[in-house]
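The values are calculated or read from the model by the stated rules, or taken from the named source; none is laboratory data. These numbers come from a predicted model, not from an experiment. Don't worry about glycine lacking a Cβ; one is built from the backbone with ideal geometry, like all the others, and counts go over all protein chains shown.
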Amino acid sequence: MLFDTHAHLNDEAFTEELEKVLVRAQEAGVGSIANIGYDLPSSRRAIEIAKLYSSCYAAVGIHPHDAKSVTDKTYDELEKLLQEPKVVAVGEIGLDYYRDLSPRDKQQAVFREQIQLAKEYKLPITIHDRDAHGDILEIIKEEQAGEYGGILHCFSGSWEMAKVCMKLGFHISLAGPVTFKNARKLQEIALKIPLDFLLLETDCPYLAPEPYRGKRNEPAYVAEVAKFIADLKNMELKELARITTSNAKIVFRLE
């Protein structure tokens, strides 16, 4: 069975047919899904879904887009959510210099504060990194952010960056873009990543893989990412599924 390590079934895109989406995931061989929060309401919704469905887990955190609105009260609320039993990570947290919806110094401060919160609760972190590779690396080194593990979600950096992140205790997660025809650099990285450090995700409802590119993504489509990488690495799909699911369970402390 496959593990979708980064989904947003807490997004309103799934409100009307969550049950159907989960049935399709099961039929596609997806046994577990981590729903990732990006603000307080989406974090609460991720926990609600985790309580309702045995296949689902939750991560809670504040996305860099919303860093500008974080207050002490936000952290108080996050701490309450972190005590829920099916919360397996802090995320998604990080830096986004592409859209720059929050000032960069505020993004960095909130990223560091949430890393410290994760360490306090002995949880891994799920990192959002868009056009901010240098600062991400600097912060995770300075904060020793990999102490309890973590994930570079929907990885978009270089192979050199991936090597540093793995040494710091992070897993590398690949999503739909690895299947895109023009994604040669990402495909080369996928080939090089040691199996012990590889994770799979959808980032649904975004970034649907081929042949669904441009449509709403959903956890069932992580099977397409898995098939593509298995072919790339010249290995059996079942073996890739077994290893990446085991990796996810290790990161999220589910075994």
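What the table shows:
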| read-out | value |
| --- | --- |
| Some residue of segment 40-51 being assigned to a loop (DSSP other than H, G, I, E, B) and in contact with a strand residue (DSSP E or B) (Cβ under 7 Å, 6 or more places away or on another chain) | no |
| Only listed residue being of a type in the set (Asp, Glu) and not in a helix (DSSP H, G or I), chosen from ASP76, ASP4, ASP66 | ASP4 |
| Cβ-Cβ under 6 Å pairs, at least 6 apart or on other chains, segment 74-87 side within 23 Å of ALA109 (Cα to Cα), far side in a helix (DSSP H, G or I) | GLU77/LEU40; LEU81/SER43 |
| Residue match in segment 179-201 (condition: hydroxyl-bearing (Ser, Thr, Tyr), closer than 20 Å to ALA34 by Cα and at pLDDT 95 or above) | no |
| Among (1) closer than 27 Å to ILE140 by Cβ; (2) in contact (Cβ under 8 Å) with a residue 12 or more places away in the chain; (3) in a helix (DSSP H, G or I) - the single one SER246 does not satisfy | (2) |
| Residues (of a type in the set (A, V, I, L, M), in a helix (DSSP H, G or I) and either at pLDDT below 95 or crowded, with 23+ Cβ neighbours inside 10 Å (or both)) located in segment 114-172 | ILE115, ALA118, ILE136, ILE140, ALA145 |
